[in-house]
Structures are given as C-alpha cells and as structure tokens.
Amino acid sequence: MSPRVHVRAPRPTDGRRLAGLWKVLWDVHESWGSYPGSTDPRVYDDLAQRLSDEARARGSSPLHGRHVHLVAAVGDSPGEDSIAVGQVEGWIDRHGESPKTKWTCEVRSLVVAEDARHLGAARALLDELANVARHALHGAPAVLAAEVLDANPAMAFYRKLGFVMPVHSVRVATSSARAQAPAPGFVGRVAVPEDALPLAFLDANLAERRRLVGDSRFDGPRALDAALVDAIALHLGNATRRAPTDPAEVVVVDRRNVPRASATLVFATLEPPFVPGVRAVLSRPSFDATTSPYLLFPALVQLAGRLACLAGAEHLEIVDLPGLETDTTRAALATGAVPWSRVALRNV
C-alpha cells in the first residue's frame, strides 16, 4: 500500500529536508537554462537553519502575513514522524486598484522529491494552497498564478489540473539586446512627465490586451481622464533613477518625439541559494495600435538591454506577452529572444 500524503505547515525539524528539496529545484531549473543555484554546501546549511527558524516563528499555521508555506509529508498521520517530501510557497497580493480585480496567489517553489511524485503530492499541495488563499481572503475572487518555464515537463501537469496559460515570456542575452538596430524613425528613451497623455492611451491598450487573453490578475481598461494623466505624470516625475538597478519607465518615440510603445524595466537581486547576480525583467510592454510592433520592439529591447547591462544582468526577460502566434510576441522573438516561460492561471 502506498504511503499517505499529508499537507501541513512546515515544522522546525523539516529545515534540512526542505533545503535539500530546494537544491533539487535549483539544479533542475539550471539544467533548463534558468538562473543557477549555489553549489556551496554552506549555503544550504544556512538555508536549512533559516527554514527551521521561520517554521518556529509561524507556529502551526501555513499563513504568515501574505506568505504561505506548505509541506507535503508522508506517514500514517501528519504527526512528528511524517517525512517532508515536497513543498510549495505562495504570496497573496492584488495587482490593481479596482475592487473588481481578482486577488492573486503566486505559486512559488513547488517541488516534490522524485521518489514521491507518484503519490499525488504536487496536486495536494496546490489544492491546499488554493484552500489557504480562499480562507485568508474570506472567499473573495482569486486566482492561482504559477510561472512555468517552457522547458519544464510539468506544463502538462498544470493543464491537467485546469490551469490555462494565456501569458508568455521570452528571454534574450543582454549582449544581443543592446546590439539591436532600431527601425528608422524610432528611438528608445526613459519616459518623462510630458509623456503622460500618450502613456495613458498605451496603458489602456495593455489593459484591453490582458482582458482579451483572459489575464484576470490586473485592472481592466480605465477611463481616460485628467486624473489618470495627472497620476501618470506624477509617477514619472518621482521616478528619478539613482542607481543602475532602479526601475525605469521606458518608451519608444517617433520623429515627433511621441511615445508609440512603453514598458517597465525592473531588476531583482539574486541572492543565495542562487548564485549572486541580477535579474532584469521588461514588463508591461504596450504598443500604439497604428504602428507595427516589429518596428517598435528593436528600439525598446535595445534600450532595455543597455540598461540591463549597466545593472550587471546577463539576460533580459520580456514578460506579459500574449500567445506565441501573435504579432506582438513574434516581434519580440524577432529581436533574437527565445521562448522562456508561461503564466499558468486557475481560479481559486
């Protein structure tokens, strides 16, 4: 008879076992081309201690603030003798201002030991993560969201559980990105407050694209009024970059200096158990409906690539893209990028 899987909050005694699972996770992701994990055993010793300390601090609850941590364990009961064979984390947040926008529970670090994958531990972890999020939000509409690398064979697993994948990302080496040749008549630059009105129209285009593909994590199209334009101008006026890793609002302008495309470039510092480095992400790309994205993407990627190189990033991820068959994503791929990941969504 197969051992029983129990899903519970992590315990201080799980630290060493969970740190080993994290190493399995980073090793397999690195084999798929993702950011490498450390090979220094001391990093995982420190991680085991941190996980034990966090479990001790949270007590018997999987929920601590907006952070969820669940463990799949095997044993006759969820008692002290049950052995951790998998884990998942979640982060509950809302990516919008409208009360109609669904909450998001981001699925993070889902991993199950290879010898326990036939026990249904991954499914049990995701189901319980949804239950915890539902309870924490008192039944408010929410969606589970998991970023799944294109090389990950678990893509079929997510589909089997009812997830849809309407959002894609691609990745390009920053050395290739900064070498892009902009189309004649277009140039990339950092946005300024005077760009607020055209950016309001571009934001509306992005919101409509998200709505059409079924990405319910964000606000729908907003009314284009003076209040919105003023809010964008204020944001841009306060967005002074003081360090290479500060975020940047970037635009592509035509010969009349009118923005025809926009995006947000953000950076994250990779810390242990990753090998230290910088992750660069170009998000929220939006394009004027009268201009081909094939004309706009080269200048956008060139500028983002230059800024990413200055920040020390080796790759640039371009996220928040529609299907691979669309002109928008094909134009991104035409810059030398390759398919990178998809966002899997399922209602809670």
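Read-outs throughout are calculated quantities, based only on the coordinates presented, and are distinct from any laboratory measurement. All figures in this text were calculated on a predicted structure; none of them were measured in a lab. In this analysis, Cβ positions are derived from the backbone assuming ideal geometry, glycine residues included, and neighbour counts consider all displayed protein chains.
A few remarks follow.
- Of 88, 24, the sequence from fewest to most neighbouring Cβ atoms within 10 angstrom is 24, 88.
- In degrees, nearest ten, helix 293-311 long axis to first principal axis of the chain (Cα): 60
- Between 0 and 90°, nearest 10: helix 41-58 axis offset from the chain longest Cα axis: 80
- Here the dipole of segment 224-295 is about 240 debye; that uses its Cα centre as origin and unit charges on the Cβ of Lys and Arg (positive) and Asp and Glu (negative).
- Evaluating 6.51 cos²θ - 1.76 cosθ + 1.60 at θ = phi - 60° for every residue in segment 124-141, the Karplus couplings come out as 4, 5, 5, 5, 6, 4, 4, 5, 5, 5, 4, 5, 5, 9, 6, x, 5, x Hz, glycine and proline recorded as x.
- Relative to the longest principal axis of the Cα atoms of the chain, the long axis of helix 15-31 lies at roughly 40 degrees.
- Gaussian network model of the chain, springs between alpha carbon atoms under 10 Å - residue of 209, 260, 50 with greatest fluctuation: 50
- Labels on offer are (i) 60, 48, 40; (ii) 155, 55, 36; (iii) 71, 43, 37, and the one holding Cα extents along the principal axes in Å computed from this structure is (iii).
- Across 310, 321, 47, mean-square fluctuation computed from a Gaussian network of the chain (C-alpha pairs under 10 Å connected) peaks at 310.
- Structure remark: mean-square fluctuation, Gaussian network model of the chain, C-alpha springs under 10 Å; the largest value among 320, 53, 115 belongs to 115.
- Here's the list of lysines a cross-link from residue 160 could span, going by alpha-carbon distance under 26 Å and ignoring same-chain residues fewer than 8 apart: 102.
- Sorted ascending by nearby beta carbons within 10 Å, beginning with the fewest, 163, 218, 297 become 218, 163, 297.
- Long-range HN-HN contacts of residue 277 with modeled amide H, under 5 Å: 270
- In this structure the amide hydrogen of residue 320, modeled in the peptide plane, comes within under 5 Å of the amide hydrogens of 168, none closer than 5 places in sequence on its chain.
- The phi-based Karplus calculation (6.51 cos²θ - 1.76 cosθ + 1.60; θ = phi - 60°) puts the 3J(HN,Hα) values of segment 335-348 at 7, x, 6, 10, x, 10, 7, 9, 9, 8, 10, 8, 5, 6 Hz, whole numbers, x for Gly and Pro.
- Average silhouette area of segment 169-341, convex hull of alpha-carbon atoms, in square nanometres: 10.1
- Cβ-based exposure ranking for 318, 83, in which fewest neighbours within 10 Å come first: 83, 318
- Whole-Hz couplings from phi, Karplus 6.51/-1.76/1.60, listed for segment 186-195; x for Gly and Pro: 10, 8, x, 7, 6, 5, 10, x, 5, 7
- The H on the amide N of residue 348, modeled in the peptide plane, is under 5 Å from the matching H of 142, 143, 144, each at least 5 residues off or on a different chain.
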